[in-house]
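Colleague: Before anything else, here's the structure in question.
The values are calculated or read from the model by the stated rules, or taken from the named source; none is laboratory data. Note that this is a predicted model, so its numbers are computed, not measured. Neighbour counts run over all protein chains shown; Cβ positions are idealised from the backbone, glycine included.
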Amino acid sequence: MTLFRLILIITSSLALLSIVSMLALICIRGWRFAKERREQARMDELIQGAFGVIESDESFEAFKEGLRRSDRRLLLRILSDILPKLEGEYSERIVKLMEALGVVEDNIKSLKKRQWHLRVQACRALGMIKRPEVVEGLKYALEDKNIIVRLEAAKSLAGLDVKVPVKYLVDKLAPAASDYPLGVREVFQKLGMETGLELCEVIRGDYSENAKILSAEALGFIGSLNSVPVLTELVDSGSPKATLFALQALGRIGDPRGVPATMMAIHNPNWEVRAQAAKTLGMIGDPYSVSVLDECLNDESWWVRFYAAEALFKMGPKGITYLHLAAANPETPAGTLAKGYLREKLLMVA
């Protein structure tokens, strides 16, 4: 076999393989598209049936008999979308429909499935139904080995207004503090201000760093003014990570009592702490911090200089004056950044 013939065979084989792969991809996409269309058509039918049951209990048996085995997943999606939009008698009817169709029982069983994403879906679905067995199931999910499942269970329990000891909740959710701040915010905003005292006790108590970080984060999200003294203590904890979260919380709360501790953090050896301290001063907006922020414009870290410039800009005319003074010396790091920031805000020409 000549070299030319071998190359021809290989090239032809690759071309044929490419054609077969393309045809397979087209078939798969076509099958998926057809499946989606069938599911959408079936969902439209189920929506009509569900609304019929809401309006009249007499249509329930006919609706139940017309269900297929594959409808359970689609029906759960539909009822989960409908339930939050209804109140009173209509909401109760949807819950009864879910119970009668075994949806509630199925989701409680799903809390023990091996796939974590199915356990998350079950927690989310159960978060709309306040029944004793549902509450017990969600409390069981708080012990799940997967933090995302525990977080979803906590969100559902909070949404159902179920009282769970705050310190226990913090212990179970502590690993979520850094990676899932939005989930933490949702949980504690639902729980409300009454959690503030226990969260402060966690920060001052003998708890893990993650637990203290989560507590600081939660206090910032609920805007607890009473927590400011505790958060200022955490700023001086010696842990850069804990200090960062305490500063973030102080910034969200916006109480001037947090300014002295934040000013001290400006001199922290960790540049991330200094950057967050500058940002926090801008969020609090205390005019007495302008001179400290002006010093930060000369920090060795670009991020510290940037957040200092941003904070000065937020201070209004006095802070902007400091930026103009710094921009007058463009050969310095402070002047370069101040000039660039003012240009970005259209307050200085090139």
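Colleague: Looking only at the stretch 132-160, how many residues end up being touching a residue at least 12 places away in the same chain (Cβ under 8 Å) and under 20 Å from the mean Cα position of the chain (by Cα)?
Modeller: The number of residues fulfilling the criteria is 19.
Colleague: Please go through (1) touching a residue at least 40 places away in the same chain (Cβ under 8 Å); (2) surrounded by 23 or more Cβ atoms within 10 Å (Cβ to Cβ) for residue 174 and return the number of the only condition it doesn't satisfy.
Modeller: Here residue 174 clears every test but (2).
Residue-by-condition table, conditions (1) out of contact with any Gly (no Cβ under 6 Å at 6 or more places or on another chain); (2) closer than 22 Å to residue 180 by Cβ; (3) buried (at least 24 other Cβ atoms within 10 Å of the Cβ); (4) in contact (Cβ under 8 Å) with a residue 12 or more places away in the chain:
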site: 210; (1), (2), (3), (4): yes, yes, no, yes
site: 229; (1), (2), (3), (4): yes, no, no, yes
site: 242; (1), (2), (3), (4): yes, yes, no, yes
site: 249; (1), (2), (3), (4): no, yes, yes, yes
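Colleague: Report yes if some residue within the stretch 30-39 is in a helix (DSSP H, G or I), of a type outside the set (D, E, K, R) and over 30 Å from residue 82 (Cβ atoms); otherwise report no.
Modeller: Within the stretch 30-39, one or more residues are in a helix (DSSP H, G or I), of a type outside the set (D, E, K, R) and over 30 Å from residue 82 (Cβ atoms).
Colleague: Okay, next question. Out of 67, 111, 101, 46, report the one residue that is aliphatic (A, V, I, L, M), out of contact with any Cys (no Cβ under 8 Å at 6 or more places or on another chain) and closer than 26 Å to residue 153 by Cβ.
Modeller: Exactly one of 67, 111, 101, 46 is aliphatic (A, V, I, L, M), out of contact with any Cys (no Cβ under 8 Å at 6 or more places or on another chain) and closer than 26 Å to residue 153 by Cβ, namely 101.
Colleague: Filter the stretch 231-240 for residues that are closer than 15 Å to residue 270 by Cα and surrounded by 24 or more Cβ atoms within 10 Å (Cβ to Cβ) and give the result.
Modeller: Listed by number, the list holds a single entry, 235.
Colleague: Please give the number of the condition residue 259 fails out of (1) over 26 Å from the mean Cα position of the chain (by Cα); (2) crowded, with 24+ Cβ neighbours inside 10 Å; (3) of a type in the set (A, V, I, L, M, F, W, C).
Modeller: That leaves (2) as the condition not met.
Colleague: Identify the single condition in (1) surrounded by 15 or more Cβ atoms within 10 Å (Cβ to Cβ); (2) among the aliphatic types (A, V, I, L, M); (3) within 17 Å of the chain's Cα centre (by Cα) that residue 202 does not satisfy, given that it satisfies every other one.
Modeller: Every listed condition holds for residue 202 apart from (3).
Colleague: Only one of these is modelled with pLDDT of 75 or more, part of a helix (DSSP H, G or I) and assigned by TED's automatic domain parsing to the domain that holds residue 133: 108, 47, 82, 94. Name it.
Modeller: The match here is 108.
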